[in-house]
1. Amide H to amide H, which residues 5 or more places from N200 or on other chains are under 5 Å from it, using H placed in the peptide plane?
2. Can you tell me the Rg and the Dmax, both Å, for the Cα atoms in the chain?
3. Short version: ³J(HN,Hα) in whole Hz for each residue of the range 169-180, in order, from phi by Karplus 6.51 cos²θ - 1.76 cosθ + 1.60 (θ = phi - 60°), x for Gly and Pro, what are they?
4. Given the DSSP H assignment, sum -39500 (n - 2.57) over each helix run of at least 4 residues in the chain and divide by its residue total; what's the result at 222 nm in deg cm²/dmol, nearest 500?
5. Could you compute the net charge surrounding T72? Neighbours are other residues with a C-beta less than 13 Å from the C-beta of T72; K and R count +1, D and E count -1.
6. Quick one: which residues, 5 or more positions from I30 or on another chain, have an amide H under 5 Å from its amide H? H modelled 1.01 Å from N in the peptide plane, none for Pro or chain starts.
7. Collect residues whose amide H, placed 1.01 Å from N in the peptide plane, falls under 5 Å from the amide H of I113; neighbours closer than 5 in sequence don't count.
Amino acid sequence: MNTVLILGGTGVLGSAVSNWLQNNQVDYRIGSRHPVKTESYSMVNQSSASTWTHVDLVSGEGLAESLVGVDTVLHLASGPGKIGRESFESVLTRNILNAIPKSDVKHLIYCSIVGIDKIPYSYYRAKLDSEALIRSSQVRYTILRATQFHNLIDYFINKLMQFPIGFLPEKLLAQPIHVDAVAQKLYELVLAGNQNTILNLGGPQVLDFHTLAHSWMTYRHISKPVLPIPSLGALMSAIAKGYNTCPERAVGSKTWDDYLEEMYGKPSA
Ligand SMILES: NC(=O)c1ccc[n+]([C@@H]2O[C@H](COP(=O)([O-])OP(=O)(O)OC[C@H]3O[C@@H](n4cnc5c(N)ncnc54)[C@H](OP(=O)(O)O)[C@@H]3O)[C@@H](O)[C@H]2O)c1
């Protein structure tokens, strides 16, 4: 029996993974800063209240207790910003790495992001630092770098389209992936055991933002003028070069259009 602790099990990915483990009869529990499961989590998360365990990865409260009897830890807890001089992400990761050697945990799986080593962005630097902490530790691990989930691209396009005129940076690329495809891969990694390596995973298509936004407007029945704006700066230039994509690791899962239809129904004719 492989018992799994999902740290960040209430998040977008964590909820998808918990549903995946539940449907495949894998024994798991969810670590959350919230002491008990509330109604809002029941909407996305099939797990029962008995799988809930209270963990704060910044203070370390509940962490040692949450690891008792656990074989595999899925580290999907995350956040932006800093605590003192250290990134929030590194603090969470370091606290997990310090706790694991005092437990029976055999495998740590960390979800990271494709291209973080080439894209200059503070959150990505924090993810890279976290990966380095894991790789230099004695803990057996697998790191899965995924491309952006559909809901995140949806959020970005929503922001770019919020005014009467849409503003779209030119030439930006993305390879959106359905969160269930990432959850499935994490489930497979739980079964496979530690690989001590970094794996990439991307959605089925690499698309430019113009195409993504055009489909988004069609499925949302929105029609408005769109103004292309130049992609300036090192961050946008890296994304225009496709450093956030991995076409050689594309999975044949749901496409961007499949996601839009699932979310918003049939497109306008
Ligand atoms: N979103 C994407 O497009 C994308 C793409 C590739 C990789 N990833 C990576 O996938 C992972 C999950 O992303 P997501 O979008 O699912 O994140 P999310 O929805 O923002 O969820 C973040 C989770 O972190 C937990 N958390 C934050 N601070 C915590 C603390 N101090 N102690 C314990 N738990 C804490 C939260 O749990 P509680 O609030 O319940 O405590 C929440 O479940 C992240 O590492 C992210 O970098 C995301």
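Computed from the coordinates by the stated procedures, all read-outs in this text should not be read as laboratory data. The shown structure was predicted, so the numbers you read here are calculated from the model rather than taken from an experiment. Because the Cβ atoms are built from the backbone with ideal geometry, glycine has one as well, and the counts that use them run over all protein chains shown.
1. For N200, the qualifying residues are R145.
2. Every Cα atom of the chain included, Rg and Dmax give 19.2, 60 Å.
3. Whole-Hz 3J(HN,Hα) from phi for the range 169-180: x, 6, 6, 5, 10, 8, 10, x, 10, 6, 4, 5.
4. Result for the chain: -11000 deg cm²/dmol, rounded to the nearest 500.
5. Around T72, the surrounding residues sum to -1.
6. Hits under the 5 Å cutoff: I6, W52, T53.
7. Under 5 Å from the amide H of I113: A146.
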